[in-house]
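Undergrad: Here it is: the structure, laid out below.
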Amino acid sequence: MLAAAKKLFLFRQQGDAKTAILDDVELEIGERDFHCVMGPSGSGKTTLLYLLAGLDEPSAGSVHLSDKDLSQLAENKRTLLRRKSVAFVFQYFHLLPNLTLAENIGLPLWIQGKSTGWEPIAKDWAERLGLGDRLHALPHELSGGERQRTSIARALVGGQPLILADEPTGNLSQKAGAEVMDLLRRAVDEEGRSVLLVTHNPRDAARADKVQFLLDGRLVEDPVLHGPDLTVEQVHEALGQLHI
Ligand SMILES: Nc1ncnc2c1ncn2[C@@H]1O[C@H](COP(=O)(O)OP(=O)(O)OP(=O)(O)O)[C@@H](O)[C@H]1O
Ligand SMILES: [Mg+2]
């Protein structure tokens, strides 16, 4: 098992009330899985990905990466395990503002100790994402779509077995989005990595092997869609059934 959430709860104080942002979530991601979670804005999708990545801590329940319970690990061990196991495509990119596009993409390689030799690899990934002519640009000089593709390249470059992708095509044209989905699909089919995708886009969701729905912090038991060969219509139908 690459990642698992067991009886996961997250409570947050909102005004006077304590709200369950995640409510008893159970989830497992194995090798070569391509799973997708859909749900309305505010249903807890980003929060769930953060907890799975160990970037935030649950109020109750546990998160396991590579069969290790994160809550049982000391901070430094948890950081190391996270770096080794998980690549994250952030909804709002989180690029480092003072690093160039190429340096942002190469960052995971630096962190893995490849302080030399990272440059051609970063350049190669930049080219695959159509960013080959912007290598030296700083994030504030990039369009939203270019920033998004930079953050996707950064997630793909490090080779971690699990990619958590939070609306990775949200700022892209249909064509650029389809290309990003091709890259994620290939990471699973050709490299044997796993992807957990969060998206609002039924066309992207249909490329996953399993689609689940999150409503008010709860993963819905029915419907759950299973691939291969999911259709956009099936995804639309499920969204309609759940009034999403
Ligand atoms: N730091 C925080 N403090 C309090 N509440 C928060 C905090 N971060 C998020 N929330 C709340 O938690 C809920 C889930 O937020 P989350 O970002 O996980 O939603 P989401 O499903 O990713 O939405 P979107 O589709 O808009 O990205 C929302 O009600 C949000 O307002
Ligand atoms: Mg979100």
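Undergrad: In a solvent-free Debye calculation with one equal scatterer on each Cα, what is log10 I(q)/I(0) for region 1-131 at q = 0.09, 0.15, 0.19, 0.22 Å⁻¹, listed in the order of the q values?
TA: -0.34, -0.87, -1.17, -1.32
Undergrad: Okay, next question. Cβ under 11 Å from L156's Cβ, L156 left aside: what net charge do those residues give with Lys, Arg +1 and Asp, Glu -1? Walk me through the intermediate numbers first.
TA: On the way: positive: R128, R149, R154, R186, R193; negative: D124, E191.
Charge balance in the 11 Å sphere: +3.
Undergrad: Moving on to the next point. Can you tell me the orientation of helix 174-189 relative to the chain, as the angle in degrees between its alpha-carbon axis and the longest Cα principal axis, to the nearest 10?
TA: Tilt of helix 174-189: around 80 degrees.
Undergrad: What order do you get for S41, S194 when you list them from fewest to most C-beta neighbours inside 10 Å? Let's see the in-between values first.
TA: Details: S41 7, S194 21.
Arranged by neighbour count, lowest to highest, S41, S194 become S41, S194.
Undergrad: Have a look at the DSSP beta bridges in the chain and tell me what percent are antiparallel, nearest 5. Please report the intermediate quantities before stating the final value.
TA: On the way: 21 of 38 bridges.
In the chain, DSSP labels about 55 percent of beta bridges as antiparallel.
Undergrad: So, one more: If I fit a long axis through the Cα atoms of helix 101-111 and take the longest principal axis of the Cα atoms of the chain, what angle between them do I get, 0 to 90°, rounded to 10?
TA: 70 degrees
Undergrad: What length, rounded to one decimal in nm, is gained on full extension from N98 through to H243, with 0.36 nm per residue of separation minus their alpha-carbon distance? Please report the intermediate quantities before stating the final value.
TA: Numbers: separation 145, 0.36 × 145 = 52.20 nm, distance 4.31 nm.
Residue separation times 0.36 nm, minus the Cα-Cα distance, leaves 47.9 nm.
Undergrad: Then there is this: What list do you get for F34, F9 if you sort them by fewest beta carbons within 10 Å?
TA: Numbers: F34 23, F9 16.
Ascending Cβ contact count within 10 Å gives the list F9, F34.
Undergrad: What are the semi-axes of the equivalent ellipsoid for the chain, taken as the square roots of 5 times the Cα gyration tensor eigenvalues, largest first, in whole Å? Kindly include the intermediate steps, with their values, before the conclusion.
TA: Working: eigenvalues 159, 97, 58 Å².
Equivalent ellipsoid semi-axes, largest first: 28, 22, 17 Å.
Undergrad: Moving to a separate point now. How many lysine pairs are close in region 25-174, with Cα atoms under 23 Å apart and the two 8 or more places apart or on different chains?
TA: On the way: K45/K68; K45/K84; K68/K77; K68/K84; K77/K114; K84/K114; K84/K123; K114/K123.
Here the count comes out as 8.
Undergrad: Can you pull the three principal axis extents for the Cα set of region 102-185, in Å, largest first?
TA: Principal-axis extents of the Cα atoms in region 102-185, largest first: 36, 30, 18 Å.
Undergrad: Between region 178-233 and region 1-70, how many Å separate their Cα centres?
TA: Each part reduced to its Cα centre gives a spacing of 17 Å.
The numbers here are math on the coordinates, done by the rules we state, and not lab data. Computed from a prediction, not measured in an experiment: that's the story for all the values here. Cβ: placed from backbone, ideal geometry, glycine included. Neighbour counts: every protein chain shown.
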